[in-house]
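Here is the structure we will look at.
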Amino acid sequence: MLPDSILSHLTENYGLKIKSQQRVSGGSINRAFRLLAADGDFFLKYNASAPPQFFEKEARGLQLLKSAKSGVRIPEVEAFHNPDKASPGYLLMEWISEGSGTSENSFTFGRELASLHQARSETFGLDHDNFIGSLPQKNNSHAEWPSFFIEERINPQLKAAVNNGSIDKKYLAHWQRLANQLSDIFPYAKPSLLHGDLWSGNYLFDSSGKAVLIDPAVYYGHPEADLAFTKMFGGFSSEFYQGYESASPFEPGFSDRIQVYNLYPLLVHVNLFGGGYTRQAEQVLMGF
Ligand code: ADP
């Protein structure tokens, strides 16, 4: 059940009269609900221990993705609330009725992601920091992708993992060797708008078969970082990649770079969940 404080906040601030609520499963960080209200259905997620601005950053990310007009569906943000005495933090969105995607829908989704990656910035980073899962994500701007990847992505996560004892400090030397090679490993790319947390749990197909992106950790980065992320847990359908390639062909050698990009989500998982992810991250670093 949603806390009464959130229900009263929704009524007092948005005039939302909720008739009933249903728990939605699937989220890894927050508690999610479908709210049936007099003026339609809504999706709400909240987290009583979320950092201040957690849902504001997610709302900004969704709005940025929407502003790219890539064709992919982005849920409309109805409201967000930063935690205060009145209520825990929450995010209120339009309710998306989930359906199932055909091969054609996956192909279109791939093309739309390629189109999203055409939204560009002058530098790598973003005008604000945000979160990936519940962890802070720094987005200071860099002219070059390798230095962004080193300083804003791997260093903070690897240092945290070493400091909290998850990863042995001997792996710092391996990382240093890899970091020195990054300018040769990564092909040139302009800073592209990324979803930033693109695993299979962060998109769905709506009832008309349109792909919908949720739960982003946006920034302007190397487009291959988003593509590599899709391969973290088994990958998306082959039609998705065909669709992407029909708009933006992959650079040669992409498959060899996947493990390098995915060191970031792997370290995030080490810091969020530990366990088997530690071994995987160490194995990648050991190769350098
Ligand atoms: P978390 O931040 O905890 O990871 P998610 O944003 O991934 O939560 O949402 C949890 C689940 O709720 C998703 O797996 C998805 O199935 C569903 N969901 C997310 N957004 C919507 C929405 N706007 N409408 C309907 N269902 C949604």
>> Any residue that is under 19 Å from Asn202 (Cβ atoms), open to solvent by less than 50 Å² (accessible area, probe 1.4 Å), of a type in the set (D, E, K, R) and modelled with pLDDT of 95 or more - is there at least one of those in segment 29-40?
In response: no
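Which is within 25 Å of Gly235 (Cβ to Cβ), more than 16 Å from the ligand (Cβ to nearest atom) and of a type in the set (Ser, Thr, Tyr), of Thr123, Thr102?
Values: Thr123 fails: within 25 Å of Gly235 (Cβ to Cβ).
Sole residue among the options that is within 25 Å of Gly235 (Cβ to Cβ), more than 16 Å from the ligand (Cβ to nearest atom) and of a type in the set (Ser, Thr, Tyr): Thr102.
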>> For segment 85-104, give me each residue that is farther than 28 Å from Thr230 by Cβ and surrounded by fewer than 19 Cβ atoms within 10 Å (Cβ to Cβ).
In response: Lys85, Ala86
> When segment 182-210 is examined, which residues are found to be open to solvent by 80 Å² or more (accessible area, probe 1.4 Å), part of a helix (DSSP H, G or I) and out of contact with any Pro (no Cβ under 7 Å at 6 or more places or on another chain)?
Replying inline: Asp184
>> Can you report the number of residues in segment 146-170 which are in a helix (DSSP H, G or I), open to solvent by less than 10 Å² (accessible area, probe 1.4 Å) and touching a helix residue (DSSP H, G or I) at 6+ places or on another chain (Cβ under 7 Å)?
In response: 5
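Here's the yes/no breakdown for (1) within 30 Å of His9 (Cα to Cα); (2) open to solvent by 70 Å² or more (accessible area, probe 1.4 Å); (3) within 16 Å of the ligand (Cβ to nearest atom); (4) part of a helix (DSSP H, G or I):
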| residue | (1), (2), (3), (4) |
| --- | --- |
| Ser70 | no, no, no, no |
| Pro83 | yes, no, yes, no |
| Ser106 | no, no, no, yes |
| Ala114 | no, no, no, yes |
>> So Leu36 passes all but one of these: (1) in a strand (DSSP E or B); (2) more than 12 Å from the ligand (Cβ to nearest atom); (3) under 30 Å from Gly274 (Cβ atoms); (4) not aromatic (Phe, Trp, Tyr). Which condition number does it fail?
In response: (3)
> Can you name the residue in segment 134-145 that is surrounded by fewer than 18 Cβ atoms within 10 Å (Cβ to Cβ) and within 16 Å of the ligand (Cβ to nearest atom) and is also farthest from Pro191 (Cα to Cα) among such residues?
Replying inline: Ser134
> Among the candidates Val77, Val72, which residue alone is without any contact (Cβ under 8 Å) to a residue 24 or more places away in the chain and touching a helix residue (DSSP H, G or I) at 6+ places or on another chain (Cβ under 7 Å)?
Replying inline: Val77
> Pairs, please: C-beta under 6 Å, at least 6 apart or cross-chain, first residue farther than 26 Å from Leu204 by Cα and in segment 1-28, second part of a loop (DSSP other than H, G, I, E, B) and open to solvent by 40 Å² or more (accessible area, probe 1.4 Å)?
Replying inline: His9/Ala86; Lys17/Ala38
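The values are calculated or read from the model by the stated rules, or taken from the named source; none is laboratory data. Only a predicted model underlies this, so the values are computations on that prediction, with no experimental measurement involved. Every residue, glycine as well, gets a Cβ built from its backbone with ideal geometry; the counts of neighbours run over all protein chains shown. Remember, those area values only see protein heavy atoms, side chains included, never the ligands or the DNA or RNA. Shrake-Rupley method; radii C 1.70, N 1.55, O 1.52, S 1.80 Å.
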